[in-house]
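What follows is a single structure, written as structure tokens, with notes after it.
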């Protein structure tokens, strides 16, 4: 799992604290006081000052480690879904067969059934990675068989 872009705004730190409390892991997190400091601030972390060390770097590191602890404390999909629901930008790394069954991708129409008449059945293919409103995407047919279009291609090239 990719733990995404760590907390940087006070509200995000408050969200992380609440999530850690919900999972009963806040007390085991040694850097919890730093999360509280970040949550009490009146502005986001200043990324320009992170390389200087000091408070900004410590708060950033605490936020990153909190996300790592959350990810380590949950099954990967639960962390992914929980972080997304809480407004964090995180990603999940799937095996190819897992992508097709992901509820989010299924709801968006990503798995695409393609008929293979020569085999008398259909197969599920990955569909469009994005949704296009003005120019909808679709698979028009199965991939060509070996040699299926050879004569046409050679003719187009003037070789047949």
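Values quoted throughout were computed directly from the atomic coordinates according to the rules given, and no laboratory measurement underlies them. The structure presented is a predicted model; accordingly, all values stated were derived computationally and were not measured. We place every Cβ from the backbone using ideal geometry, glycine too, and count neighbours over all the protein chains shown.
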Measure nothing but the geometry: give the 0 to 90° angle between the long axis through the Cα atoms of 54-73 and the longest principal axis through the Cα atoms of the chain, rounded to 10°.
60
Please check: in the Gaussian network model of the chain (C-alpha springs, under 10 Å), which one of 98, 36, 56 has the largest mean-square fluctuation.
98
Asserting the computed 222 nm helical MRE of the chain (DSSP H runs at least 4 long, -39500 (n - 2.57) per run, divided by residue count, to nearest 500) equals -13000 deg cm²/dmol
If R0 = 35 Å, then residue 146 and residue 73, at their Cβ-Cβ distance, give a FRET efficiency to the nearest 0.05 of 0.10
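Let me check against my output: what whole-number percent is the relative contact order of region 10-85, with C-alpha pairs under 8 Å and at least 6 apart?
It rounds to 30 percent for region 10-85.
Any chance you could list the semi-axes, whole Å, largest first, of the equivalent ellipsoid that the Cα gyration tensor gives for region 96-156, using √(5λ)?
In descending order the semi-axes read 28, 16, 9 Å.
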Compute the FRET efficiency between residue 89 and residue 122 as 1/(1 + (r/R0)^6), taking r as their Cβ-Cβ distance and R0 = 45 Å, and round to the nearest 0.05.
0.80
Nearest 10 degrees, 0 to 90: what angle lies between the long axis of helix 76-85 and the longest principal axis of the chain (Cα atoms)?
70
What would the Debye equation give as log₁₀ I(q)/I(0) for region 38-116 at q = 0.16, 0.17, 0.23 Å⁻¹, counting only Cα atoms as equal point scatterers?
-0.77, -0.82, -1.11
Using all alpha carbons of the chain, what is the percent of pairwise distances in each 10 Å bin, ordered from the shortest bin to the longest?
9, 26, 21, 17, 12, 9, 6, 1
Folded to 0 to 90 degrees: helix 10-22 orientation relative to the chain principal axis, Cα
90
Place a label point 7 angstrom from the Cα of residue 115 along the Cα-to-Cβ direction, then list the residues of region 126-143 whose backbone nitrogen is under 15 Å away.
139-143
Using Cα springs under 10 Å in a Gaussian network model of the chain, which residue among 75, 136, 126 shows the largest mean-square fluctuation?
136
Could you calculate the FRET efficiency of residue 132 with residue 106 from 1/(1 + (r/R0)^6), where r is the beta carbon distance between them and R0 is 22 Å, rounded to 0.05?
0.75
Specify the inter-centroid distance of region 116-158 and region 1-37, based on alpha-carbon positions, in whole Å.
47
